[in-house]
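See structure below.
The values are calculated or read from the model by the stated rules, or taken from the named source; none is laboratory data. Small disclaimer: the values here were computed from a predicted structure and weren't measured. Cβ coordinates were reconstructed from backbone atoms using ideal geometry, including for glycine residues, and neighbour counts include every protein chain displayed. Keep in mind that these areas ignore ligands, DNA and RNA; they rest on the heavy atoms of the full protein, side chains included. Shrake-Rupley method; radii C 1.70, N 1.55, O 1.52, S 1.80 Å.
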Amino acid sequence: MANMSYCRMENTARDLDDCVTAIENGEYTPGEMSGSELRGLRSIVELAQYITNDLEYEIADLLGE
């Protein structure tokens, strides 16, 4: 189910934090993740890189920095 625009960032941040915690806690081991989960992880990494490398000014503007 798609996020409603008024809570998209909040819900996504919560979900991303859950993913980070699962990795930190060793909930996944090499070879354990399904193909779709691996694709999802790769997508998260690519999006994180895009956010930090290419959207720096847009995000700073949104945050009032």
**Study point:** Label-point separation in nm, residue 24 to residue 3, each point 7 Å along Cα→Cβ
**Key:** 1.9
Review point. Per-residue accessible area for residue 7 at 1.4 Å probe radius, Å² rounded to 10?
Key: 20
Review point. When the helix-only estimate is applied to the chain (DSSP H runs of n ≥ 4, each -39,500 (n - 2.57), divided by the residue count), what is the mean residue ellipticity at 222 nm, nearest 500 deg cm²/dmol?
Key: -22500 deg cm²/dmol
**Study point:** Ellipsoid equivalent to the chain - semi-axes via the Cα gyration tensor, in Å
**Key:** 26, 15, 12
Practice item. Using a 1.4 angstrom probe on heavy atoms only, work out the carbon and sulfur share of the accessible area of the chain in %. Key: 56
Review point. Can you tell me the accessible area per residue over the chain, all protein chains present, probe 1.4 angstrom, in square angstrom?
Key: 90
Practice item. Starting from the Cα of residue 32, step 7 Å along the direction of its Cβ; do the same at residue 45; then give the gap between the two resulting points in nm. Key: 1.8
Practice item. Rounding to the nearest 20 debye, state how big the charge dipole of the chain is about its Cα centre with +1 on each Lys and Arg Cβ and -1 on each Asp and Glu Cβ. Key: 260
